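Here the structure is laid out as structure tokens; the discussion comes afterwards.
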Amino acid sequence: MKIHAMAALSRGADLTPWIMECSPLGPFDCLVKVESCGLCYSDVHMIDNDWRSSRYPLVPGHEVIGAIADCGPQVTRFKPGDRVGIGWQQSACLACRDCLRGNENLCSQSGALIADGYGGFADHLVIDSRFCFSLPRELDMERAGPLLCGGITVYAALRYAGMTSGQNIGVIGLGGLGHLAIQFAARLGNRVTSFTTSGSKEADALSLGAAEVVLMKEGRPTTRPSEPLDLIIVTVPYSFAWDKLLGLLATDGTLTFAATPAENVSINVDRLLSHRRRIMASPTAGRAMIEETLSLAARHRILPVIQPFPLNQVNEAIRQLRANRIRYRAVIRL
Ligand SMILES: [Zn+2]
Ligand SMILES: [Zn+2]
């Protein structure tokens, strides 16, 4: 069987049609017929080889929604026709200390779908069923794709930073990640302050569940939120006046990074010490946290706001993402 994909054949190239032979299914593998796939900025980083781990042809796409088409002999969790989601990770050793504690995403042997395999901008893909997730029936399949990377990334970062409910939570940036962070934090009963550089996004922030919006100018908040924040999540890769943001945190407050700023972060430790504050960062999530993210999203009707594109317009979607014009996540429909 042949798989028809859109691939970058070299660094930074537009995606072009590329046909590959489907590899035989291993014991735990599934063949998935792709229905849609979100476009994440990590796909662009991989196309551009920004992380020096890309190999070409490179098939991007790691926010996959699809249906099981075939299963290897050891697969018991799925059967043909089941709807599934696939995210960033495609493999881990499943035996190390991190894997055994549900931190498969931190396993030193973890493999990424678009670095070590082939992603979702294709009519089919082969994936280890142990990194394939059942989708709750209540989820809107047309829009759910971006939950598989963007949604999981922000939900896990909030949880590991101590999000419960009844807290004041600041979300820095209103884009693919930020618009999901606002929804998760607000639907779980927190008061959300959205920080954005774009006044035109204020109404969107409020309709997604934010209680207030603070405009950022030259990396600084233009006003103080009405209450100290228990937690601030950074969802965009820009540099800000970090000491100013730390000053908005309550005692024992946490600043967590779900995106890497372009420049190294420099802070005055007294900003932490004076109120016992913390700084941390969190990448994607292990399988238990992914299951939790999907079931919460279904239960609380948390859904990405998407701009759909047909597969033959994937390069246009990438151009718009590079130009920061997508509101709030591009989804490629197969
Ligand atoms: Zn991603
Ligand atoms: Zn491991």
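The values are calculated or read from the model by the stated rules, or taken from the named source; none is laboratory data. All values reported here derive from a predicted model rather than from experimental measurement. So basically every Cβ, Gly included, is an ideal-geometry build from the backbone, and we count neighbours across all protein chains shown.
Points worth noting:
- Test: residue in region 144-166 that is within 16 Å of ligand 1 (Cβ to nearest atom), in contact (Cβ under 8 Å) with a residue 12 or more places away in the chain, assigned to a loop (DSSP other than H, G, I, E, B) and under 15 Å from the mean Cα position of the chain (by Cα): yes
- Here ASP50 passes the criteria (1) within 16 Å of ligand 1 (Cβ to nearest atom); (2) touching a residue at least 24 places away in the same chain (Cβ under 8 Å) except the one numbered (2).
- Among the residues of region 97-126, those that are closer than 22 Å to THR153 by Cβ, surrounded by fewer than 20 Cβ atoms within 10 Å (Cβ to Cβ) and near ligand 2 (Cβ under 10 Å from one of its atoms) comprise ASP98, ARG101, ASN103, LEU106, SER108, GLN109.
- Residue count for region 266-278, restricted to those that are in contact (Cβ under 8 Å) with a residue 24 or more places away in the chain and either surrounded by 12 or more Cβ atoms within 10 Å (Cβ to Cβ) or not assigned by TED's automatic domain parsing to the domain that holds ASP230 (or both): 7
- Filter result (of a type in the set (Gly, Ala, Ser) and under 24 Å from the mean Cα position of the chain (by Cα)) within region 211-266: ALA211, GLY219, SER239, GLY253, ALA258, ALA259, ALA262
- Any chance ASP204 is at pLDDT 95 or above and within 16 Å of ligand 2 (Cβ to nearest atom): no
- Residue count for region 113-142, restricted to those that are within 16 Å of ligand 1 (Cβ to nearest atom) and touching a residue at least 40 places away in the same chain (Cβ under 8 Å): 11
- Among the residues of region 31-46, just one is away from ligand 1 (no atom under 11 Å from the Cβ), surrounded by fewer than 23 Cβ atoms within 10 Å (Cβ to Cβ) and of a type in the set (A, V, I, L, M), namely LEU31.
- Residue ID - surrounded by the fewest Cβ atoms within 10 Å (Cβ to Cβ), chosen from residues in region 47-94 that are within 16 Å of ligand 2 (Cβ to nearest atom) and at negative phi: CYS93
- If you go through region 87-133 and keep only what is closer than 27 Å to ARG11 by Cα and assigned to a loop (DSSP other than H, G, I, E, B), you end up with GLY87, TRP88, ALA92, SER108, GLN109, SER110, GLY117, TYR118, GLY119, GLY120, PHE121, ASP123.
- Single residue of region 250-283 satisfying the filter (touching a Leu at 6+ places or on another chain (Cβ under 9 Å) and within 16 Å of ligand 1 (Cβ to nearest atom)) that is nearest to SER239 (Cα to Cα): ALA259
- Here ARG329 passes the criteria (1) assigned by TED's automatic domain parsing to the domain that holds ASP50; (2) surrounded by fewer than 16 Cβ atoms within 10 Å (Cβ to Cβ); (3) not aliphatic (A, V, I, L, M) except the one numbered (2).
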